[in-house]
1. Can we say SER58 is among the small types (Gly, Ala, Ser), closer than 29 Å to MET12 by Cβ and loosely packed, with under 10 Cβ neighbours inside 10 Å?
2. Just to be sure, is VAL93 surrounded by fewer than 10 Cβ atoms within 10 Å (Cβ to Cβ), at negative phi and of a type in the set (A, V, I, L, M, F, W, C)?
3. I need the full set of residues from region 19-35 which are of a type in the set (Ser, Thr, Tyr), surrounded by 10 or more Cβ atoms within 10 Å (Cβ to Cβ) and either within 23 Å of the chain's Cα centre (by Cα) or closer than 18 Å to LEU46 by Cβ (or both), in order please.
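Please treat every number below as a calculation from the coordinates, not as lab data. Keep in mind it's a predicted model, so treat the numbers as computed, not measured. Quick reminder, even Gly has a Cβ in these numbers, built from the backbone with ideal geometry, and neighbours come from all protein chains shown.
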Amino acid sequence: MLIYPNFSSSLMTINKETVKKISKLSRIASNEEFENSMIKDLNSILKFVEQLNELNISNTEPLSSVVDQKLYQRDDVEKKINEKKDILQNSPVKNENYFVVPKIIE
């Protein structure tokens, strides 16, 4: 069983055209040094994924948490917090439903 079953690194390598396309799509300016660095980095990531695919995980159960304890679940109760009238009591100047602030732009 493969960790990434749809991944085939023998068909996938990163080249300069791929890096240019990624740069264009992500709107990142690139130069020769950046492209060479990205080719090296992305190919090393693909190599690591290939190593993961070599692992035999057929007898391994999926893991949802590393902590072996049950999560506490609280009741879903509606609470009335941050009501407008309570918040507006903190306003130094009263004006119906709004905070009054000093004018900054003239």
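1. yes
2. Here the answer is yes, as VAL93 does meet what is asked.
3. So in region 19-35, the residues of a type in the set (Ser, Thr, Tyr) come out as 23, 26, 30.
Within this subset, residues satisfying the condition of being surrounded by 10 or more Cβ atoms within 10 Å (Cβ to Cβ) are 23, 30.
Selection gives SER23 alone.
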